[in-house]
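Each remark here refers to the structure printed beneath this line.
The values are calculated or read from the model by the stated rules, or taken from the named source; none is laboratory data. Just so we're clear, the structure is a prediction, and the values are computed from it rather than from any experiment. All Cβ positions, glycine included, derive from the backbone under ideal geometry; neighbour counts span all protein chains shown.
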Ligand SMILES: Cc1cc2nc3c(=O)[nH]c(=O)nc-3n(C[C@H](O)[C@H](O)[C@H](O)COP(=O)(O)O)c2cc1C
Ligand code: SF4
Ligand code: FES
């Protein structure tokens, strides 16, 4: 698309002549070019095309027989527009619409949580009728109605602007929140009064222009003049959505989007919005040392000195690799830099991500796509067993939008994910077959050839062989390869179970290093990229054998918990039981604290100050609203610990960042002061090197006879904060998805309580039946139970 | 039964380039199978169309011909719009109410017959119009009420299994 | 299947239904010259067909009277475009499309195939209101016969073009007659109107370019292709050509559908065809084109049926539904029943219509009960003004326009209700009790079983 030639049109609005790009909606043109506000309620461009429902924006257009909605009208050349400011007729219409809107709207602003932040209240003050001519009883409804444990609905306040339902159907595409009935009886509702089940549901509370949809947690909590809004960035996943945290009396009462269009488009997922590390009094608030009676509080300096001494001793006594520092991709860059320096000094092993493959993702940096590339993509391919939204919340919304805007969406995987229903291509594969699928595509693209295609893929097999290995239909693979080969701006999104070599191979043949598309692997940790960029790379899985072999005698977990979050939970537990010195830095007691000799407090989201690097490499500032529960920020005590070890670690986040900028290439050119509230993407694409070749992917694991293969990726709604947030209980409620054919064979119907048994235990959930899930597999929303590919059985309870 | 419905829905989908367009026929089939659009029926439609059940509810509740509450075995609908009202639909309805001992909209005590009034059925010149199980009876007279109800009371609606 | 009652008598001047009884069998239709216009059309290019339609000066029979040829010209022939037939026919008083489908379904099918061929459409969908179950099965039958004859589903003679025709039943919603709501409904959405642009010619059925016309409009196509556009334009008036179906109901001796040349008058229809008022009654007013149109008074009987003539008289021809009201009828009730209908049928999308139709209805209910005030009569008029012209589609106007005309023409009756505190009409007046469907009220539960 060439941006050089933009057609413009010239029109007058209330006598002011303006020139705007062709196609600009009149409401936008009036506000942005003529400085004239045309009031709106239903208009919200992020929800798709305008619908012209509320009629608040009616204006007079010279020559038109009747008033026109300024939101649905595009500016035309020579148009003469009169808004309510200069047109009697438009003014009268505006009064009329407000009067109609207020007919049944209760006048309860003083007790409404929206009061003071309410567009309807504001517009009524500005333009509204002084008194109502409505003498009949107002419409009443049962209220407040919980739409979910997180959201309440007051139908009396609803003005039916359809923002919430459009979000549900046209942005999140979950179709959970709808309007039912029609005419004056229309109401917003969910199906059969069930809770809104969608991980983006909270956005409707921000979209609602009145106090009809409100977050339960914020009801009656605060008035607008009592609060402080702190601009920060969500650390729930690697997307890094920009947020406001609303602070009142030392509590974060609410999280709102801060709309950084290039990152989040103003959306948040419910994890970022509602999950809280609460209650604060259950948090680990002081250092704890294991004594005879278990973990006992200790003085900071004592604990840190002991820790320093013991780590130094282990390292000195057993040499390189005797100590390990394990992180979970959730530290700030500055905190991570401190731990990286300590680890380097101790010649420690490091690991920052559950799987090793992630450690090598830098190899494809030459092709790394910015999030914005999804918007303009003409083809988007999602590869992996996991749904993109489970890895990187709002990225899923971007993928959906790209599809609505005409991109060819292809999903490959074992099926049962939410994106398949409307994808142009769905190629069903075995579980954990991403590598084989990528290799098959790489060779098929090379064979298809095309303007952008490099045809020198080094085959690891034929397309037929690789497709068969993946369990995919060859014809579909070839067809998708053809689509990709022709695409100008393809984007590959990789969720899991993929080796970097295969991504590299496909990216190379597609020439993604030189084109407009790219690859976007979705990390597990919110700052996995940042941690790697400061030297904490590696997979937990790689440490485990060394730990089991006794080669590691001291291990520090900083925000990492393989006992809870890894498929090899039991092996970790057994190995740790034999490890001499285990230190755990965590917000709450967790899977690894049970085996720790020393436990230290970990700061969480709203307590931290620093920077994180999101999945596209954007460095953004996290600002604290609260002091850490321990009173001592992690970065400060890390610096203190370093002092005991004679290592230089900067304890001030700003200085630490500027040091990073001076020393680490990933941060070159950035400065603490220069990051700004909406950070730009500063990233240089390294030159691509030809890949070494496509190694033969390993065959997916076969199930034991009579058993199903388990698919157990980690869902978005997981982690310590989610687990502690009562209002998210319905979103993490366990379910078990089985294929239609397997369900029929097993006599299981939707909604049954079923039990999944596997080597690592059993798991009970509600049955979901999918017609797309690969028969012979079972998908659960629970990770860490057993690895994907493990054999399992499913039975009705 | 739900497999038959699934297959019927797939046949409807085949008539359109987009599966969403089959929602009205799908809902109609489901209503025939279940007698009314219970949550279970709507979920079966959702399954057949690969759409969220709430969307099926949103669509179903928009239209007058879909029942989101159980109804009797027979449904008697009296047009009470202008043309029919001008020529006596109101008196006709009163007679139905008296005979069935129920106020419209409502269902007779024995669960056999649901009576309701509807908007113009498009038989205005041949009115008053009464629609009985979706079949029009035109030029309907007060004297026709009792015999009609007699007939309905003694017959079940054919071809449908009420769930 | 029992025959529907009282079909119009054969009328030599009629073009659509010149015969008595029905011609549902394709053989019978063909024996009377059916499908010969299609043969003619197959020898013509798309442009020639559009030109013929333009020459006929046919105006759409769905209510708005938009020139059919011009509409056809918006849609260049090409792939991936659709034809949609509006058979929703739900405007109170209207039952003309139904008679065409009942008696002469093949004429509609032939028109559809000609139109499909004209736009080389991927398919045609007849959106028929859900209540017309019998008509839908008649159309299915006609399609099956046409398919057996090779007109549908296999290449048309001498071409490689295949016509596909489907019946799509609605499910009870008046608003689905409005074209964008109809298309939303066909697309599987709630049947709510959408803002224009995009117009159906750009994005309609399945989001593809779509030509949408009323049943009667399309059924007229074979007539026009058969006799030639110019000849067709010779019937009727200059601005309103041809014949049109009129649905006559209410207080007349011979209600029913009558096909009239558009040069005739309401008197020709009501007194001529309809036989005038029943014994002992006099004309109070008549609805000229469906309940959404301003009402006309007895002194306007000589108004022409032509679109332009009705506009000159202060109303609109609309769907051609003429409802005759006698002297005993309470006009407050008439206004209330009208408003109730539009409130019940408002889709609920835009504010003025959703809230305004309800407010009007509730105030009129007060008036009818004699509980209203004189000031509220003026308030009613003001609400009409505030609804009209401010809505997303014209359903709001369809409520405001007649209500305003009822008040303006019969203000004394409204005032009398206020003054007396009750309805002054005699016990045997029509519409003594009003039974509007409740606003989507759920039906009471059925006991067991
Ligand atoms: C509220 C409303 C209801 C309508 N109902 C119908 C209808 O039932 N049948 C119909 O053909 N047109 C109806 N129309 C008109 C259609 O929008 C459209 O103009 C017409 O179908 C176009 O066909 P034509 O050009 O052949 O007349 C309605 C319009 C409105 C605003
Ligand atoms: S009508 Fe629109 S805001 Fe409303 S319709 Fe427009 S802006 Fe809306
Ligand atoms: S008014 Fe009764 S069918 Fe038309």
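Residue check: residue A:46 meets all listed conditions (1) more than 14 Å from chain C (Cβ to nearest Cβ); (2) touching a residue at least 24 places away in the same chain (Cβ under 8 Å); (3) more than 33 Å from the chain's Cα centre (by Cα) but one, namely (3).
Output the number of residues of segment A:9-35 satisfying the condition of being on the phi < 0 side of the Ramachandran plot, in contact with a strand residue (DSSP E or B) (Cβ under 7 Å, 6 or more places away or on another chain) and more than 11 Å from ligand 2 (Cβ to nearest atom). Please lay out each step first, then the result.
Initial filter on segment A:9-35 (on the phi < 0 side of the Ramachandran plot): A:9-13, A:16-22, A:24-34.
With in contact with a strand residue (DSSP E or B) (Cβ under 7 Å, 6 or more places away or on another chain) added as a condition, the list becomes A:9-13, A:17-22, A:24-26, A:29-30, A:33-34.
Checking the rest, the ones that are also more than 11 Å from ligand 2 (Cβ to nearest atom) come to A:9-13, A:17-22, A:24, A:29-30, A:33-34.
Here the count works out to 16.
To keep it simple, each residue is scored yes or no on (1) more than 16 Å from ligand 3 (Cβ to nearest atom); (2) at pLDDT 95 or above.
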{"residue": "C:74", "(1), (2)": "yes, no"}
{"residue": "C:90", "(1), (2)": "no, yes"}
{"residue": "C:102", "(1), (2)": "no, yes"}
{"residue": "C:110", "(1), (2)": "yes, yes"}
{"residue": "C:113", "(1), (2)": "yes, yes"}
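Kindly indicate which of C:83, C:58 is within 19 Å of residue C:225 (Cα to Cα), more than 14 Å from chain B (Cβ to nearest Cβ) and crowded, with 22+ Cβ neighbours inside 10 Å. Working first, answer last.
Details: C:83 fails: more than 14 Å from chain B (Cβ to nearest Cβ).
That would be C:58, the only listed residue that is within 19 Å of residue C:225 (Cα to Cα), more than 14 Å from chain B (Cβ to nearest Cβ) and crowded, with 22+ Cβ neighbours inside 10 Å.
Only one of C:150, C:141 is out of contact with any strand residue (DSSP E or B) (no Cβ under 8 Å at 6 or more places or on another chain) and in a loop (DSSP other than H, G, I, E, B). Can you tell me which? Explain how you work it out, then say what you get.
On the way: C:141 fails: in a loop (DSSP other than H, G, I, E, B).
Step by step, each of C:150, C:141 is checked, and only C:150 is out of contact with any strand residue (DSSP E or B) (no Cβ under 8 Å at 6 or more places or on another chain) and in a loop (DSSP other than H, G, I, E, B).
All conditions in (1) within 16 Å of ligand 3 (Cβ to nearest atom); (2) more than 14 Å from chain A (Cβ to nearest Cβ); (3) part of a loop (DSSP other than H, G, I, E, B) hold for residue B:64, with the sole exception of (2).
With the requirement that a residue be part of a loop (DSSP other than H, G, I, E, B) and more than 7 Å from chain C (Cβ to nearest Cβ), what does segment B:107-126 give you? Full working, then the answer.
Narrowing segment B:107-126 to residues part of a loop (DSSP other than H, G, I, E, B): B:108-112, B:119-123.
Scanning segment B:107-126 gives B:108, B:109, B:110, B:112.
Of all the criteria given as (1) outside any helix (DSSP H, G or I); (2) away from every other protein chain (no Cβ under 12 Å); (3) away from ligand 2 (no atom under 11 Å from the Cβ), the one not satisfied by residue A:38 is (3).
Residue check: residue A:382 meets all listed conditions (1) part of a helix (DSSP H, G or I); (2) touching a strand residue (DSSP E or B) at 6+ places or on another chain (Cβ under 7 Å) but one, namely (1). Where strands (runs of 3 or more DSSP E) fall entirely within segment C:191-299, those with at least 2 residues that are within 16 Å of the chain's Cα centre (by Cα) are at C:210-214, C:243-250, C:256-261. Within segment A:605-623, the residues that satisfy the criterion of being over 11 Å from residue A:675 (Cα atoms) and assigned to a loop (DSSP other than H, G, I, E, B) are A:608, A:609, A:614, A:615, A:616, A:617, A:623.
So for segment A:656-672 (the condition being within 22 Å of residue A:471 (Cα to Cα), out of contact with any strand residue (DSSP E or B) (no Cβ under 9 Å at 6 or more places or on another chain) and surrounded by 13 or more Cβ atoms within 10 Å (Cβ to Cβ)), does at least one residue qualify? Before the answer, list the steps.
Step one: list which residues in segment A:656-672 are within 22 Å of residue A:471 (Cα to Cα), which gives none.
No, every residue in segment A:656-672 fails to be within 22 Å of residue A:471 (Cα to Cα), out of contact with any strand residue (DSSP E or B) (no Cβ under 9 Å at 6 or more places or on another chain) and surrounded by 13 or more Cβ atoms within 10 Å (Cβ to Cβ).
For every residue, the table says whether it meets (1) closer than 26 Å to residue A:540 by Cβ; (2) surrounded by fewer than 20 Cβ atoms within 10 Å (Cβ to Cβ).
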position	(1), (2)
A:354	yes, no
A:369	no, no
A:374	no, no
A:377	no, no
A:385	yes, no
A:400	no, no
A:404	no, yes
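Yes/no per residue for (1) within 13 Å of chain A (Cβ to nearest Cβ); (2) more than 29 Å from residue C:431 (Cα to Cα); (3) surrounded by fewer than 18 Cβ atoms within 10 Å (Cβ to Cβ); (4) in contact (Cβ under 8 Å) with a residue 24 or more places away in the chain:
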| residue | (1), (2), (3), (4) |
| --- | --- |
| B:32 | no, yes, yes, yes |
| B:49 | yes, yes, no, yes |
| B:78 | no, no, no, yes |
| B:90 | no, no, no, no |
| B:105 | no, no, no, no |
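Remark: residue B:57 matches the filter, which requires a residue to be more than 16 Å from ligand 1 (Cβ to nearest atom) and either within 14 Å of chain A (Cβ to nearest Cβ) or touching a helix residue (DSSP H, G or I) at 6+ places or on another chain (Cβ under 7 Å) (or both). Test residue B:127 against the criterion of being in contact with a helix residue (DSSP H, G or I) (Cβ under 8 Å, 6 or more places away or on another chain) and either in the same structural domain as residue B:81 (by TED's automatic domain parsing) or more than 15 Å from residue B:72 (Cβ to Cβ) (or both), and give yes or no. Answer is yes for this residue. Look at (1) within 12 Å of chain B (Cβ to nearest Cβ); (2) outside any loop (DSSP other than H, G, I, E, B) and you find that residue C:106 fails only one, number (1).
Only one of these is under 26 Å from residue A:65 (Cβ atoms), within 20 Å of the chain's Cα centre (by Cα) and facing chain A (nearest Cβ under 9 Å): C:347, C:399, C:393, C:353. Name it. So that I can check it myself, show each step before the final result.
Working: C:399 fails: facing chain A (nearest Cβ under 9 Å); C:393 fails: facing chain A (nearest Cβ under 9 Å); C:353 fails: within 20 Å of the chain's Cα centre (by Cα).
The unique qualifying residue is C:347.
Mind checking whether some residue in segment C:361-373 is within 16 Å of ligand 2 (Cβ to nearest atom) and either facing chain A (nearest Cβ under 8 Å) or touching a residue at least 24 places away in the same chain (Cβ under 8 Å) (or both)?
For segment C:361-373, residues within 16 Å of ligand 2 (Cβ to nearest atom) and either facing chain A (nearest Cβ under 8 Å) or touching a residue at least 24 places away in the same chain (Cβ under 8 Å) (or both): absent.
You will find that of C:171, C:64, the residue that is within 12 Å of another protein chain (Cβ to nearest Cβ) and surrounded by fewer than 24 Cβ atoms within 10 Å (Cβ to Cβ) is C:171 and no other.
Take residue C:188 and decide whether it is at the interface with another protein chain (Cβ under 8 Å from one of its Cβ atoms), free of Cβ contacts under 8 Å to residues at least 12 places away in the same chain and within 23 Å of the chain's Cα centre (by Cα). Answer is yes for this residue.
Which fully enclosed helices (runs of 4 or more DSSP H) of segment A:239-356 have 1 or more residues being at pLDDT 95 or above and within 30 Å of residue A:520 (Cβ to Cβ)? Can you show your working first?
Numbers: elements: A:270-274, A:300-318, A:333-345.
By residue number, A:270-274, A:333-345.
If you go through segment A:36-76, how many residues are at positive phi and in contact with a helix residue (DSSP H, G or I) (Cβ under 9 Å, 6 or more places away or on another chain)? If you could, list the steps in order and put the result at the bottom.
Restricting attention to segment A:36-76, the residues satisfying the condition of being at positive phi are A:48, A:52, A:55, A:63.
With in contact with a helix residue (DSSP H, G or I) (Cβ under 9 Å, 6 or more places away or on another chain) added as a condition, the list becomes A:48, A:55.
The total comes to 2.
Taken together, C:80, C:51 contain a single residue that is touching a residue at least 12 places away in the same chain (Cβ under 8 Å), assigned to a loop (DSSP other than H, G, I, E, B), in the same structural domain as residue C:216 (by TED's automatic domain parsing) and over 23 Å from residue C:316 (Cβ atoms), which is C:80.
Within segment C:147-156, one or more residues are within 30 Å of the chain's Cα centre (by Cα), modelled with pLDDT of 95 or more and more than 14 Å from every other protein chain (Cβ to nearest Cβ).
All of A:591, A:559 fail the test of being in contact with a strand residue (DSSP E or B) (Cβ under 7 Å, 6 or more places away or on another chain) and closer than 22 Å to residue A:713 by Cβ, apart from A:559.
For segment A:170-186, a residue qualifies if it is more than 7 Å from chain B (Cβ to nearest Cβ) and touching a strand residue (DSSP E or B) at 6+ places or on another chain (Cβ under 6 Å), and exactly one does: A:186.
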